[in-house]
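Notes follow the structure.
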Amino acid sequence: MENVTLVWRKSSVCGNGDSCFELAFSGRVWVRNSGFPDSATVAFSRRTWLAFVKFVKDAEAADEAAGEPV
């Protein structure tokens, strides 16, 4: 991993749970498992991350339009 101090964030929906993922932003988007913060991390380019977020939002919208639970 790059020699940068990352500030990790997780969704407020997760609360104090440790079965969520956390994100950090530093030129790239870093992802880790909140239950194992010292384990491996995965980094994505901002472009790839934004494409992933768009894909998820589009899939949720399609499910809602089809009457599927989200």
Residue-ordered couplings for the stretch 7-17, obtained by feeding phi - 60° into the Karplus form 6.51 cos²θ - 1.76 cosθ + 1.60 and rounding to whole Hz (Gly and Pro as x), are 9, 8, 10, 9, 4, 5, 5, 6, x, 8, x
So how do SER19, SER45 line up by other beta-carbon neighbours within 10 Å, fewest first?
SER19, SER45
Would you calculate, for the chain, the mean residue ellipticity at 222 nm contributed by helices, counting each DSSP H stretch of 4 or more residues as -39,500 (n - 2.57) and dividing by all residues, to the nearest 500?
-10000 deg cm²/dmol
Length gained, ALA40-VAL4, 0.36 nm per residue minus C-alpha separation, equals 11.4 nm
Calculate one ³J(HN,Hα) per residue across the stretch 30-47 by plugging θ = phi - 60° into the Karplus curve 6.51 cos²θ - 1.76 cosθ + 1.60, and present them in order as whole Hz with x for glycine and proline.
9, 10, 8, 7, 5, x, 9, x, 8, 7, 4, 10, 10, 10, 10, 5, 4, 4
Relative contact order for the chain: what percent, with Cα pairs under 8 Å and sequence separation of 6 or more?
18
Expressed in µm² per second, the diffusion coefficient of the chain from the Stokes-Einstein equation, with Rh the Kirkwood radius over alpha carbon pairs, at 4 °C and 1.567 mPa s, is 94
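Only the coordinates and a few stated rules stand behind these numbers; no lab work does. These numbers were taken from a predicted model, which means no experiment stands behind them. With ideal geometry, Cβ positions are generated from the backbone for all residues, glycine too; neighbour counts draw on all protein chains shown.
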